[in-house]
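The values are calculated or read from the model by the stated rules, or taken from the named source; none is laboratory data. None of these values were measured; they are calculated from a predicted model. Positions of Cβ are backbone-derived with ideal geometry, glycine not excepted, and every protein chain shown enters the neighbour counts.
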Amino acid sequence: MVSIIKTISKWIPLGKVSEISVVDLIAGLDSSENDIQILDVRTRLEWKSGHIPGSLNIPITQLNSEIANLTFDKSKPVVTICLSAHRSIPAVRALQEEGFQNVKQLSGGMIAWNKNHKHILVKA
């Protein structure tokens, strides 16, 4: 019973996880030492409508089955992104459980990004 509760609780989009602000993410992406890996867990349609350059899209509903195939470097920073910073919470937890050492969610999600940086988007 405890393992079932633990499994379910990691997918609930509540609680706190480490975050990075839009300003800090942009500074990191603009840095000559940029090694940030971006995982966008929105739906494919949301991602196609506009995403941060270089981001990889794996919808949160598919992350559990795709996480083993993720080619990200576990020692480098990962930022998870969704629309409003709810779906990215369980993504952070799942990546940490897989051994990723430095995982954060984008504070405020794409809503926060779009407020000031909508011009830095790629459409697929």
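Of the residues contained in the stretch 75-97, one or more are found to be modelled with pLDDT under 95, closer than 24 Å to residue 117 by Cβ, assigned to a loop (DSSP other than H, G, I, E, B) and in contact with a Ser or Thr (Cβ under 8 Å, 6 or more places away or on another chain). When you check residue 71 against the structure, is it over 16 Å from residue 16 (Cβ atoms) and either free of Cβ contacts under 8 Å to residues at least 12 places away in the same chain or in contact with a helix residue (DSSP H, G or I) (Cβ under 6 Å, 6 or more places away or on another chain) (or both), yes or no? So residue 71 fits the description; yes. For the stretch 55-68, residues that are over 14 Å from residue 100 (Cβ atoms), part of a loop (DSSP other than H, G, I, E, B) and either without any contact (Cβ under 8 Å) to a residue 24 or more places away in the chain or among the aliphatic types (A, V, I, L, M) (or both) total 1. Going through (1) in contact (Cβ under 8 Å) with a residue 60 or more places away in the chain; (2) of a type in the set (D, E, K, R); (3) outside any helix (DSSP H, G or I); (4) more than 18 Å from residue 105 (Cβ to Cβ) one by one, residue 42 falls short only on (4). Contact annotation: residue pairs with Cβ atoms under 9 Å, 6 or more positions apart or on different chains, pairing a residue in the stretch 92-105 that is among the acidic types (Asp, Glu) with a partner that is not in a helix (DSSP H, G or I), are 98/70; 98/74.
Scanning the stretch 81-103 for residues that are in contact with an Asp or Glu (Cβ under 8 Å, 6 or more places away or on another chain) and either farther than 18 Å from residue 45 by Cα or not hydrophobic (A, V, I, L, M, F, W, C) (or both) yields a count of 0. Could you tell me which of the residues 39, 45, 56 is touching a Leu at 6+ places or on another chain (Cβ under 6 Å), farther than 16 Å from residue 20 by Cβ and of a type in the set (A, V, I, L, M, F, W, C)? 56 is the lone residue from the list that is touching a Leu at 6+ places or on another chain (Cβ under 6 Å), farther than 16 Å from residue 20 by Cβ and of a type in the set (A, V, I, L, M, F, W, C).
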